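Asker: Structure provided below as structure tokens; questions to follow.
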Amino acid sequence: QLIHGLSQLAASLNVGMFDGKSQLRGILTALKMKEMPRFELVDDYVLAYLLDSAKDKYTLNDLAVAYLGTALPLEEHLLGTGKNKKDWDQLDDEQVQSFLFGECQALLGLHQPMNEAIVATGMDRLYHELEKPLIFVLLDMELAGIKADRNYLDTFSVMLEASLSELV
């Protein structure tokens with residue numbers, strides 16, 4: 001029933017996320033669900049990759065600075081680091097709400113300038129026809145996992161080691 005209800009709700013949604021695949025995997029894990037209803041998803045992480053594929057990491061703060069001209073409060077400043085790092089439940093509600101509100105505002109604000117940048121670079125078709133559908137495909141693959149033939153892999157490893165020793 002939950003899946004059916006979510007499917008009906010999701011069909012009407014247009015959701016903006018940052019690193020949607022990871023966020024959706026977390027939601028599914030927390031709810032102990034095996035599948036995610038499909039919905040219209042705008043993933044700013046994927047857009048950032050298409051716009052600047054030379055970078056190896058993208059943060060919501062980086063995008064907010066680049067496209068909105070404003071920096072977000074950093075999680076490290078709120079929670080601390082190292083041995084003194086706090087858990088989210090150690091913060092008062094107002095601190096958590098303020099932090100999350102800032103991130104939500106950034107996500108809402110990023111949609112237009114990033115979409116305009118994707119169109120301006122001519123990568124809108126790539127995003128809509130390939131990259132965006134792949135978010136759910138890759139999520140499904142990660143959730144399904146793979147079954148590895150351990151015996152074959154062990155045999156293959158021995159064969160590779162022998163081949164490498166012949167080369168050296």
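The values are calculated or read from the model by the stated rules, or taken from the named source; none is laboratory data. Being a predicted model, the structure only gives us computed values, none of them experimental. Positions of Cβ are backbone-derived with ideal geometry, glycine not excepted, and every protein chain shown enters the neighbour counts. Note: accessible area is taken over every heavy atom of the protein model, side chains too, but ligands, DNA and RNA are not part of it. Shrake-Rupley method; radii C 1.70, N 1.55, O 1.52, S 1.80 Å.
Asker: Compute the relative contact order of the chain as a whole-number percentage, counting only Cα pairs closer than 8 Å that sit 6 or more residues apart in sequence.
Answerer: 25
Asker: Relative to the longest principal Cα axis of the chain, at what angle does helix 93-120 sit, 0 to 90 degrees, rounded to 10?
Answerer: 70
Asker: What size of dipole, in debye to the nearest 20, comes out for the chain about its Cα centre when the only charges are +1 on Lys and Arg C-beta atoms and -1 on Asp and Glu C-beta atoms?
Answerer: Its charge dipole is roughly 320 debye.
Asker: Here's a follow-up. How big is the chain on each of its three principal axes, counting only the C-alpha atoms and giving the largest first in Å?
Answerer: 61, 46, 43
Asker: Round to the nearest 10 and give me the degree value, 0 to 90, for the angle of helix 20-31's Cα axis relative to the longest principal axis of the chain.
Answerer: Its long axis makes an angle of about 90 degrees.
Asker: While we're here: Given H placed 1.01 Å from N in the peptide plane, which residues other than close sequence neighbours of L41 have an amide H under 5 Å from its amide H?
Answerer: So L41 has HN proximity to V15.
Asker: Related question: Quantify, in whole percent, the carbon and sulfur part of the accessible surface of the chain (1.4 Å probe; protein heavy atoms only).
Answerer: C and S atoms contribute 56 percent here.
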